[in-house]
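Colleague: The structure under discussion is supplied below as structure tokens; questions concerning it will follow.
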Amino acid sequence: MEIDYSLRGIRFEWESQKAEINIRKHGIAFVKGDHMKSNNLKKRLRKNRPMDIISIRIPKDVVDDLKRIAPLLGFLGYQPLIRAYIGQGLRVDLERMEGSPELSKFVESLKRHGVDETIISEAIAEVR
């Protein structure tokens, strides 16, 4: 393993071999030392980021599981764990979309033409 970056005690590691496999398998390249991604990561890790309050319905058994596993993963509660899960998925999708600007433009065009987001998501999932 090659240590690449450390921020607020969190160690980010870079493995050249895994990076090559990632490109072949997922078509996503995580560029070592990419300054823009580094700045975005720093912004996302700030503790004082503004928050929005939302309401979401989640099945009770899922909430129970989140409450059970959160402390085992080092979270103070289930809501920070939910935010972590959302953030992880969001970063994957952002990387995928930013790695393919044509796809992003196409999706935005479909939305402007009234195509339902569920249909767009299903179609993207089918081709990946």
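The values are calculated or read from the model by the stated rules, or taken from the named source; none is laboratory data. Small disclaimer: the values here were computed from a predicted structure and weren't measured. No Cβ is skipped: glycine too gets one built from the backbone with ideal geometry, and neighbour counts run over all protein chains shown.
This table checks each residue for (1) under 20 Å from residue 49 (Cα atoms); (2) assigned to a helix (DSSP H, G or I).
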site	(1), (2)
76	yes, no
82	yes, yes
107	no, yes
121	no, yes
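Colleague: Residue 61: part of a loop (DSSP other than H, G, I, E, B), modelled with pLDDT of 80 or more and not β-branched (Val, Ile, Thr), yes or no? Let's see the steps before the verdict.
Modeller: Details: part of a loop (DSSP other than H, G, I, E, B): no; modelled with pLDDT of 80 or more: yes; not β-branched (Val, Ile, Thr): yes.
Considered against the rule, which asks whether it is part of a loop (DSSP other than H, G, I, E, B), modelled with pLDDT of 80 or more and not β-branched (Val, Ile, Thr), residue 61 comes out as no.
Results for (1) modelled with pLDDT of 80 or more; (2) closer than 27 Å to residue 125 by Cβ; (3) not hydrophobic (A, V, I, L, M, F, W, C), shown as yes or no for each residue.
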site	(1), (2), (3)
22	no, yes, yes
32	no, no, yes
49	yes, no, yes
54	yes, yes, no
87	yes, yes, yes
102	no, yes, yes
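Colleague: Every residue in region 70-108 that is in contact with a Phe, Trp or Tyr (Cβ under 8 Å, 6 or more places away or on another chain), among the aliphatic types (A, V, I, L, M) and farther than 18 Å from residue 46 by Cα, please. Walk me through it before giving the result.
Modeller: As a first pass, look at region 70-108 and keep what is in contact with a Phe, Trp or Tyr (Cβ under 8 Å, 6 or more places away or on another chain): 70, 81, 84, 95.
In the following step, the residues that additionally are among the aliphatic types (A, V, I, L, M) were identified as 70, 81, 84.
Within region 70-108, just 70 meets the criteria.
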